[in-house]
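> Here it is: the structure, laid out below.
The values are calculated or read from the model by the stated rules, or taken from the named source; none is laboratory data. None of these values were measured; they are calculated from a predicted model. Heads up, the Cβs are rebuilt from the backbone with ideal geometry, glycines too, and the neighbour counts pull from every protein chain shown. All accessible areas refer to the heavy atoms of the entire protein, side chains included, with ligands and DNA or RNA removed. Shrake-Rupley method; radii C 1.70, N 1.55, O 1.52, S 1.80 Å.
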Amino acid sequence: MIDTESDRVKVNVLSTEGVTAHVVALTLEPTANTPLPAWQPGAHIDLELPSGLVRQYSLCGSPHDEKTYTVAVLREPNGRGGSAEVHDTLTPGTQLTIRGPRNHFPLVESNRYLFIAGGIGVTPMLPMIETAERNRADWTLIYGGRTLTSMAYLDRLLEFGPDRVTPVAEDVSGRPDLGALLSQIGTDTQIYCCGPSGLLDAVEAECSSRGLAGQLHIERFAAPANTVTGPVDGDLPFEVHLQQSGVTVQVGADQTILDALEDTDVEAPFSCEEGFCGACEVRVLGGVPDHRDSVSPAADHDAAKTMIICVGRSKSPRLVLDL
Ligand code: FES
């Protein structure tokens with residue numbers, strides 16, 4: 001959760017595998033002869049790429065495998081370069097640093113699950129399904145994608161049978177009918193959804209209108225539509241004291257905390273800078289944060305005493321952070 005040397009692990013790329021034409025799976029092994037940190041379904045790691053870019057990818061191998069991690073990466077032609085770097089430059093033997101795992105999308109215990117995946121959003125569902133199977137829970141997966149051939153791990157998932165897995169290829173049958181799907185969901189079903197913003201926004205809206213919001217768990221790859229990710233008119237300046245470093249910085253009305261830290265020697269991890277990936281989560285030791293992220297509900301941050309410093313601000317004149 002927090003960027004310390006202790007949550008950094010050096011790994012080698014053990015193998016790369018083309019899962020589809022645009023998705024590559026990386027298997028990572030630690031450079032030292034030690035087990036990798038344990039993780040639970042829904043967890044992701046930060047991958048520090050050789051260029052310095054940091055990207056988050058869901059762990060999609062088995063949580064019972066202590067020797068390797070697997071992530072699957074979709075090439076984003078209009079992305080900011082991280083996925084292209086993974087596809088074009090990482091080869092077996094490349095050494096990388098990872099951080100984490102962290103989990104903002106934990107699988108709660110239930111006898112029944114509905115998994116809704118869009119595109120590469122299927123990756124966190126794979127270990128969730130493994131766990132649901134192991135626990136003999138009832139589960140179904142609705143898996144949407146542009147075409148059947150673009151859908152990573154589809155063959156493996158179809159082996160569970162048509163009563164478990166329903167692929168919805170957009171070029172054949174359009175998008176999943178969320179209204180029909182969610183109309184059959186009872187109060188005993190936990191709903192997990194991961195995929196593009198449009199899918200998540202639509203599932204959120206359907207669940208809210210049907211009284212299912214409390215059963216819905218989502219993970220975002222992008223900020224929700226119409227989200228303001230920077231300071232807004234009326235924001236006030238405040239002071240941030242970094243406890244570990246002993247440094248105090250002033251955050252201007254038109255700056256984020258992350259912006260203000262750029263003028264210091266203090267290293268703070270970040271990636272999306274839009275408040276959805278969780279890479280910049282920091283423990284709050286004092287003051288009252290103003291949560292503005294979409295990583296998790298504000299109450300969860302309050303309970304965990306953390307905040308997301310790429311978008312979060314302060315309701316008090318001073319914050320004390322564990323950096
Ligand atoms: S950098 Fe992604 S949430 Fe802050």
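> Return the FRET efficiency for the residue pair Arg283, His64: r is the Cβ-Cβ distance, R0 is 30 Å, and the value is rounded to the nearest 0.05.
Working from the Cβ atoms, E equals 0.50.
> Let me check I've understood the local charge: for Gly252, count other residues with C-beta under 10 angstrom from its C-beta, Lys and Arg +1, Asp and Glu -1. What total comes out?
Residues close to Gly252 contribute a combined charge of -3.
> Now a separate question. So how far, in whole Å, is the C-alpha centre of segment 218-255 from the one of segment 20-67?
Segment 218-255 and segment 20-67 have Cα centres spaced 28 Å from each other.
> Where in segment 158-253 are there GluC sites (Glu not before Pro) that are in a DSSP coil and have at most 11 other Cβ atoms within 10 angstrom of their Cβ?
Listed in order of number, the matching sites are Glu159.
> Which value, in Å², gives the accessible area per residue of segment 112-220 when a 1.4 Å probe is used on the protein heavy atoms?
Accessible area per residue, segment 112-220: 45 Å².
> Rounded to the nearest 20 Debye, what is the dipole magnitude of the chain about its Cα centre when Lys and Arg each give +1 and Asp and Glu each give -1 at the C-beta?
540
> Kindly work out what percent of the DSSP beta bridges joining two residues of the chain are antiparallel, to the nearest 5.
Antiparallel: roughly 60 percent of the beta bridges in the chain.
> I've got another one for you. What are the lysines whose alpha-carbon lies under 17 Å from the alpha-carbon of Lys10, with same-chain residues fewer than 8 places away excluded?
Lys67
> Once you sort the root eigenvalues of the Cα gyration tensor of segment 1-121 as a ≥ b ≥ c, which label holds: rounded (a/c under 1.5), prolate (a/b larger than b/c) or oblate (the other case)?
Oblate shape, in that a/c is at least 1.5 and b/c is the bigger or equal ratio.
> Here is a further query. Tell me the carbon and sulfur percent of the accessible area for the chain, rounded to whole percent, probe radius 1.4 Å.
Carbon-and-sulfur percentage of accessible area, whole number: 48.
> Can you give the net charge of the other residues whose Cβ lies under 14 Å from the Cβ of Asn135, counting K and R as +1 and D and E as -1?
-1
> Ok, one more. Would you mind telling me which residue in Thr27, Thr16, Thr187 has the biggest mean-square fluctuation in a Gaussian network model of the chain, where springs connect alpha carbons within a distance under 10 angstrom?
Highest fluctuation among the options: Thr187.
> If amide hydrogens are placed 1.01 Å from N in the peptide plane, which non-local residues have theirs closer than 5 Å to the one on Asp138?
Amide H neighbours of Asp138, under 5 Å, 5+ apart: Arg112, Tyr113.
> Here's another thing I want to ask about it. Mind giving me the FRET efficiency for Thr91 and Gln250? R0 is 41 Å, r the Cβ-Cβ distance, nearest 0.05 is fine.
0.35
> So, with +1 on the Cβ of K and R and -1 on the Cβ of D and E, and no other charges, what is the size of the charge dipole of segment 5-102 about its Cα centre, to the nearest 20 debye?
In debye, rounded to 20, segment 5-102 gives about 120.
> R0 = 41 Å: FRET efficiency of Ala213 with Val172, Cβ-based, nearest 0.05?
Using R0 = 41 Å, I get an efficiency of 0.85.
> Report the full-extension gain for the segment Arg134 to Ala304: residue separation times 0.36 nm, less the Cα-Cα distance, to one decimal in nm.
58.3 nm
> Follow-up question, since we're still on this one. Which whole-Hz couplings ³J(HN,Hα) result when phi for each residue of segment 91-99 is put into the Karplus expression 6.51 cos²θ - 1.76 cosθ + 1.60, θ = phi - 60°, listed in order with x for Gly and Pro?
Residue by residue, segment 91-99 yields 9, x, x, 4, 9, 9, 10, 10, 10 Hz.
> Also: Which helices of the chain meet both criteria: a Cα extent of 15 Å or more along the helical axis and a mean Kyte-Doolittle score no lower than -0.5, with helices taken as whole DSSP H segments?
Span-like helices, by this rule, are 197-209.
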